[in-house]
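Reviewing the structure listed below.
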Amino acid sequence: MSRHFDQQNNRVNYGEALTPPQGYELDFAVGLTYSLDLEAFLSVPVFLSCAEQTDEISNNPYLMLESIRKNSEKIALFCNGDGIKYVNPRNAAFFAMIENCVHPISMPEKSYFHPKLWVIRYKKAECPDKLRVIVLSRNLTFDQSMDIAVTLEAEATDIYNEAHQGLADMIAFVAKKTTPKKKRDKIIGLADSIMHAGDFDCGSDFESYRFVPFGIDGHRKESDVFFSWAYDTIVVSPFLTDSVVLKMAENAKSKKLITRISSASKKAFEAFDEVWIPKEEILNNEILEEGNEDGAFRDLHAKIVYRTTSAGNYLYLGSLNTTANAFYKNIEFMLELKYKPYHGGYWTVHDDLLPNDNNVFRKLDAPNLEAITETDDMLSDFSDVVRAIESAKVVADGDAYQITIRSKRLTNSVEIAPLMRPAAVKRLEEETAFDGIQLQELSCFYIVKRDDQKRIVKIHTKGIPEDRNDVLFNQILKMENGGFFAYLLFLLSGGRSEAAFQQEDFRRLLSNGKNSKILRSMAPSLYEQLLRAASESTDTITNISDVINKVDPDMIDSSLKELIELIKSSVRKRR
């Protein structure tokens with residue numbers, strides 16, 4: 001049996017896990033996460049739309065823009081209501097263009113929306129759809145802590161598969177939290193596809209699988225399985241509540257715990273035969289890769305439970321911490337895998353997680369008497385702000401706009417500002433107005449600040465003009481000299497990787513000035529690529545025409561007007 005938890009050789013690339021199978025393209029994707037970094041999310045539409053992945057492509061701003069333009073209606077990402085981390089608004093125009101993908105879920109006090117999951121449907125002409133499920137312990141952020149992920153795939157069928165009920169229930173639950181009916185219907189359709197998917201391939205070591213949601217109707221007692229009798233148990237959890245830890249350990253004969261030093265309380269230490277924590281080299285980022293230039297925090301963040309029972313040997317992976325919040329209050333998601341006989345005993349899993357060589361954990365000799373119990377991996381709490389805010393409305397005010405936010409009164413005051421106008425900070429009152437906001441500064445994202453903590457919240461904002469995204473589109477293209485033509489090169493290439501290199505050469509030339517001369521020299525190449533595109537793909541020509549309709553005419557050099565008209569003419573003839 002190959003090692004499943006090989007930290008050196010079985011690493012998961014988040015982007016590659018989202019990438020379509022060869023020959024397929026994205027049909028629809030639903031993601032679930034607790035915390036969200038909008039900078040990290042910008043890459044998701046790129047990964048979901050490109051079978052070919054290189055650093056040049058993934059970091060290409062024009063590919064990012066095109067992926068968002070084409071795929072934002074195909075993506076729904078759900079996060080905890082106050083789980084959007086504050087990021088520098090330098091990419092605010094991009095953030096505004098993905099706001100229709102982001103759906104925060106407001107939870108009751110002291111409970112959290114905490115699952116980490118992707119369910120994706122890919123399509124290919126004349127082939128069955130493919131369904132991919134990715135169960136993780138990792139949030140959609142740049143955090144470099146040790147996490148776990150497993151990817152399963154199946155093909156769409158016409159046969160109802162009741163084994164997938166737990167997963168379909170989870171997706172149906174988030175569908176109810178989606179305001180736009182069009183996207184809600186797509187999510188419900190994805191849940192139906194799950195129920196008609198063939199069996200997921202879970203590898204040669206497992207005989208069955210089960211999807212285990214927590215905290216939603218029909219799945220309120222799923223945690224009971226972790227408290228039932230077991231011969232052996234191994235628990236990997238970064239955060240602990242003593243009462244839950246003791247209950248999990250009391251019935252097992254052999255029991256080991258892997259956790260953070262900050263969670264290794266006296267009661268947890270005494271409940272298990274052994275307690276292991278990450279080595280200092282891991283915390284300093286010296287084992288898994290060569291240093292960390294930005295000094296990002298690293299620690300254990302994976303959630304794993306192994307149990308040997310009379311019914312068989314089981315492995316659980318996903319979002320569930322061994323805490324009271326996780327077991328009794330939160331919405332969580334786990335994958336249960338049942339080992340085939342003789343394929344995954346206690347010592348096999350033990351030696352996999354805690355090998356003799358290259359072990360990233362060290363055995364703890366004594367408890368941490370200053371350990372923090374009753375904790376979880378939660379951000380500072382802005383949930384009262386999310387629950388208090390009722391609405392936001394935009395109205396035209398001459399050449400600008402006014403935003404009015406209505407909120408219930410808060411016990412603890414908070415400041416708020418539009419994401420695109422971060423300096424316009426005001427105390428959040430029952431009615432808070434921002435005047436003189438430009439069209440390109442309108443967004444459903446707002447910055448909230450309390451003491452020294454900041455977060456981004458999404459407020460359903462009525463009255464944003466429909467052409468706002470077109471204005472943002474042009475703003476992004478104007479960020480760099482010759483942006484439209486670099487974008488046009490990308491479109492004409494059909495998204496192939498050579499476009500990235502062509503654009504780099506083009507942008508380097510433009511940075512030296514003499515734009516008109518350079519653009520005239522580029523015209524024959526653009527003309528040649530246009531003819532090739534016209535002969536190969538009507539879709540490419542149609543796509544280019546749609547983009548041209550969005551582009552500010554002032555961005556199009558006069559020497560290429562004739563070329564643009566030729567594009568439009570080609571589209572009309574093919575239609």
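If you go through the stretch 1-21, how many residues are part of a loop (DSSP other than H, G, I, E, B) and at pLDDT 90 or above?
So the count comes out to 3.
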If you go through 201, 169, the only one that is of a type in the set (Asp, Glu), over 23 Å from residue 323 (Cα atoms) and buried (at least 18 other Cβ atoms within 10 Å of the Cβ) is 169
Among the residues that make up the stretch 201-222, is at least one of them within 26 Å of residue 361 (Cα to Cα) and in a helix (DSSP H, G or I)? no
Within the stretch 182-200, the residues that are touching a His at 6+ places or on another chain (Cβ under 7 Å) and either assigned to a strand (DSSP E or B) or among the basic types (Lys, Arg) (or both) are 197
| Condition check for residue 239: within 23 Å of the chain's Cα centre (by Cα), at pLDDT 90 or above and under 30 Å from residue 273 (Cβ atoms) | yes
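Answer yes or no as to whether residue 200 is more than 26 Å from the chain's Cα centre (by Cα) and farther than 30 Å from residue 444 by Cα. Can you show your working first?
Working: more than 26 Å from the chain's Cα centre (by Cα): no; farther than 30 Å from residue 444 by Cα: yes.
Spelling it out, it is not the case that residue 200 is more than 26 Å from the chain's Cα centre (by Cα) and farther than 30 Å from residue 444 by Cα.
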Of those in the stretch 444-464 that are free of Cβ contacts under 8 Å to residues at least 40 places away in the same chain and part of a loop (DSSP other than H, G, I, E, B), the residue farthest from residue 387 (Cα to Cα) is 452
Those residues of the stretch 80-113 which are closer than 25 Å to residue 472 by Cβ, outside any loop (DSSP other than H, G, I, E, B) and aliphatic (A, V, I, L, M) amount to 84, 92, 93, 96, 97, 102
Practice task
Inspect all residues belonging to the stretch 57-70 and state whether any of them is among the hydrophobic types (A, V, I, L, M, F, W, C) and not in a helix (DSSP H, G or I).
Solution key: no
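If you check 232, 199, 185, which single one turns out to be among the acidic types (Asp, Glu), within 22 Å of residue 132 (Cβ to Cβ) and touching a strand residue (DSSP E or B) at 6+ places or on another chain (Cβ under 9 Å)? Give the derivation first.
Values: 232 fails: within 22 Å of residue 132 (Cβ to Cβ); 185 fails: touching a strand residue (DSSP E or B) at 6+ places or on another chain (Cβ under 9 Å).
Of 232, 199, 185, the one residue that is among the acidic types (Asp, Glu), within 22 Å of residue 132 (Cβ to Cβ) and touching a strand residue (DSSP E or B) at 6+ places or on another chain (Cβ under 9 Å) is 199.
The values are calculated or read from the model by the stated rules, or taken from the named source; none is laboratory data. Because the structure is predicted, anything quoted here is derived from the model rather than measured. No Cβ is skipped: glycine too gets one built from the backbone with ideal geometry, and neighbour counts run over all protein chains shown.
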